[in-house]
Amino acid sequence: MRDFPLRAWLFTAAIATIAATVILRLAPEQGVNVAAAVGFGLLFFVCELAPISFPNASYSVSFVMAVAALTAVGPAEAAIAASFGAVDLSVRKRNDWLGRMVFNGAQLTLSTALAGYVYVGMDGPVGAIGARDFPGIFGPLFAMAIVYFVVNTGLVSLMVSIVRRVAMFDVWSANFLSVVASTIAFAVFGVLLSSLYAGMGFLAVLFILLPMVIARRALQAAVKVESTYEDVVSGLVSAIEAKDAYTRGHAERVSRLSAMIARELGFSERRARALRIAALMHDVGKLVVSTTILTKPGKLTEEEYEHMKWHPVHGCEIVDEIDFLRDGEAVEAVRHHHERLDGRGYPDGLAGDGIPLTARIVMVADAFDSMTSTRSYRQCRPVEDGLKELRRCEGTQFDSRCINALVRAIDKHGWEPTPEYYEGEKTERPAVGVHAAHA
């Protein structure tokens, strides 16, 4: 969150009010065990000091403490302990530090309170948990974990959406979809800590801290590996754009457009992400194409054009050598993104439904960005003109379902192409274009 506008404060106030209401409803008649709430609160604070970092958000293992407090002393104490998560030292140098702290405390409290409400509502045991409570505890525990995860990550994603004006589901799926299973697994750690607490008090933390640290490091390592994969891809794309200045920034936009189309077509987030990475590499085969041809002003000879037409094949071979991209759809999207529905494309002359859907998506995204981005030889077309040109070629060159999905995605999210600037000499528009829409 780059700032904390009024709408974010209003959202935070609403969350805090709901959280306080739920806590009052959960509080037992005899009062709240303040010492236990503060003790678990301090542990909650420690867990928040080392969150797992994602591209646009973070996620901590403090859920373990929420489960431990909830099952050991009760949901009201657990919700109060969660409020200690507001003290986030990592944001103290930010301009919006106060808003972020208040929001974090409010959403953690509400997430824990609602999870506790579900847990006790399903007759989950509170206190000294023993063998008699198994396997009956698993149902309430699983429900509690799901409620906590959905509320916690949902509120964070919604806040990012409110502040940055981006789609909430896109934020959630990009940052939190991969940690669902880990959250449920952490619930088991929480019950273990709760059982040890019943017999040892807070000394139990010493027995659970090491496996918690290991679990946290393993999850952070998995996230880092995912990020490293994309860094590798970005490095290859930078190498392409260093050779072909005409398409600077093009790969990233085609990647985003392809993911937008894929989601409109009902792709799962994992499948959409794989396509996004494949689309980012759709022109990676240009690394094998002669720089002289890529940068040649004016018309290509037939021999040069035939050489250029092999770049999807070379790209396919490169992608097939990368382990995390070695799946059929990623390879197909790179190889066949210059095919045409009428069979007049390249490299294999596929037609109609014989062209993989992922390739048809990249075809539309590729052509649309080519038409709506500035090149050295012409200014970009308006979005409406780009869509009109796609419609003109519908059924012969482009798949109508993909065009319709692109239109829906732009209606929902908008599209403002970033003009590309070519730093070399001005040249005439090449008579033979690389992109099918311009051929």
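The values are calculated or read from the model by the stated rules, or taken from the named source; none is laboratory data. Because the structure is a prediction, the values reported are computed rather than measured. Backbone-built Cβ (ideal geometry, glycine too); neighbour counts: all protein chains shown.
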Within the stretch 167-178, track down each residue that is in contact with a helix residue (DSSP H, G or I) (Cβ under 7 Å, 6 or more places away or on another chain) and either among the acidic types (Asp, Glu) or surrounded by fewer than 20 Cβ atoms within 10 Å (Cβ to Cβ) (or both).
ALA167, MET168, SER173, LEU177
Taking the criterion of being modelled with pLDDT of 75 or more, in the same structural domain as VAL334 (by TED's automatic domain parsing) and surrounded by 19 or more Cβ atoms within 10 Å (Cβ to Cβ), would at least one residue in the stretch 184-197 satisfy it?
no
Only one of THR71, THR109 that is at pLDDT 90 or above, closer than 17 Å to VAL188 by Cα and buried (at least 23 other Cβ atoms within 10 Å of the Cβ)
THR71
Being in the same structural domain as VAL171 (by TED's automatic domain parsing), under 21 Å from LEU196 (Cβ atoms), small (Gly, Ala, Ser) and in a helix (DSSP H, G or I) narrows it down to one residue among ALA145, ALA76; which is it?
ALA145
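Within the bounds of the stretch 237-244, is there any residue that is over 16 Å from ALA330 (Cβ atoms), modelled with pLDDT of 80 or more and part of a helix (DSSP H, G or I)? Break it down into steps so the answer makes sense when it comes.
Filtering the stretch 237-244 for residues over 16 Å from ALA330 (Cβ atoms) gives 238-244.
Still in the list and also modelled with pLDDT of 80 or more: none.
Checked against the condition, which is being over 16 Å from ALA330 (Cβ atoms), modelled with pLDDT of 80 or more and part of a helix (DSSP H, G or I), the stretch 237-244 yields no hits at all.
Where residues in the stretch 260-306 are β-branched (Val, Ile, Thr) and over 25 Å from ALA405 (Cα atoms), which of them is surrounded by the fewest Cβ atoms within 10 Å (Cβ to Cβ)? Don't jump to the end; show me each part of the working.
Pass one, the stretch 260-306, residues β-branched (Val, Ile, Thr): 261, 277, 284, 288-289, 291-293, 295, 301.
Those left that are additionally over 25 Å from ALA405 (Cα atoms): 284, 288-289, 291-293, 295, 301.
Values: VAL284: 26, VAL288: 14, VAL289: 22, THR291: 12, THR292: 8, ILE293: 18, THR295: 14, THR301: 11.
Going through the qualifying residues, I end up with THR292.
Return yes when LEU114 is within 30 Å of ILE261 (Cα to Cα), touching a residue at least 24 places away in the same chain (Cβ under 8 Å) and in a helix (DSSP H, G or I) and no when it is not. Step through it out loud before you land on a result.
Values: within 30 Å of ILE261 (Cα to Cα): no; touching a residue at least 24 places away in the same chain (Cβ under 8 Å): yes; in a helix (DSSP H, G or I): yes.
No: the conditions fail for LEU114.
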Kindly provide the set of residues from the stretch 339-354 that are on the phi < 0 side of the Ramachandran plot and either within 28 Å of the chain's Cα centre (by Cα) or assigned to a helix (DSSP H, G or I) (or both), ordered by number.
ASP353, GLY354
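Considering the stretch 117-131 alone, what residues qualify as being assigned to a helix (DSSP H, G or I) and either at pLDDT below 90 or of a type outside the set (Gly, Ala, Ser) (or both)? Break it down into steps so the answer makes sense when it comes.
Keep residues of the stretch 117-131 that are assigned to a helix (DSSP H, G or I), which gives 117-121, 131.
Within the stretch 117-131, TYR117, VAL118, TYR119, VAL120, ALA131 meet the criteria.
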Could you figure out which of (1) among the charged types (D, E, K, R); (2) part of a loop (DSSP other than H, G, I, E, B); (3) modelled with pLDDT under 95 isn't true of ASP369?
(2)
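I need the full set of residues from the stretch 376-403 which are surrounded by fewer than 15 Cβ atoms within 10 Å (Cβ to Cβ) and under 29 Å from the mean Cα position of the chain (by Cα), in order please.
PRO382, GLU384, SER400
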Here are some conditions: (1) in contact with a Lys or Arg (Cβ under 6 Å, 6 or more places away or on another chain); (2) in a helix (DSSP H, G or I); (3) modelled with pLDDT under 90. LYS412 meets all but one. Which one does it not meet?
(1)
